[in-house]
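To start, the structure under review is shown below, and the notes come after it.
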Amino acid sequence: MLVGLGLLFTVLALVSKESSKSRLTAAVGAGTAVTLGYPLVLTVLVNTDVQNPAEVQLPMWHVAVLLLAGVATGGLTWWTTRRGEA
């Protein structure tokens, strides 16, 4: 799934490179990568060396962290990329 989304946003970024929407494409792509990557990595880390799977817990505050991290990454990408008109 992550590789497919990476390819999708790469193609969209290349197609919209000369467009005014290129910053938006880059920001959404980066935000999506963080929003989806965080829970995938976190799930692996939480389940490492677990003897009883019933004991594994993932606190709900991680949902807020992943949403904030995705929005912050998208915003930072938007802010650091230059405008389409050069």
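For segment 11-86, the set of trypsin sites (Lys or Arg not before Pro) satisfying both a DSSP loop assignment and a count of at most 15 other C-beta atoms within 10 Å is given as LYS17, LYS21, ARG82, ARG83. How high is the relative contact order of the chain, given as a whole-number percent (alpha carbon pairs under 8 Å, six or more residues apart)? The normalised contact order for the chain reaches 45 percent.
What a 1.4 Å probe finds exposed on the chain is 70% carbon and sulfur by accessible area, rounded to a whole percent. Think of a 1.4 Å ball rolled over the protein heavy atoms: the chain then has 74 Å² of accessible area per residue. What you get for the chain, charging only the Cβ of Lys and Arg (+1) and of Asp and Glu (-1), is a dipole of about 460 debye around the Cα centre. Among the chymotrypsin sites (Phe, Trp or Tyr not before Pro) within the chain, not one is in coil by DSSP while having at most 13 neighbouring Cβ atoms inside 10 Å. Principal axis analysis of the Cα atoms in segment 10-86 yields extents of 56, 22, 13 Å, listed in decreasing size. Helix 2-15 and the longest principal axis of the Cα set of the chain meet at an angle near 10°.
The values are calculated or read from the model by the stated rules, or taken from the named source; none is laboratory data. In this text the structure is predicted, and so the values were computed from the model without any measurement. Please note: Cβ atoms are built from the backbone with ideal geometry, for glycine as well, and neighbour counts cover all protein chains shown. When the accessible area is computed, the model is the full protein with side chains, heavy atoms only, and any ligands, DNA or RNA have been set aside. Shrake-Rupley method; radii C 1.70, N 1.55, O 1.52, S 1.80 Å.
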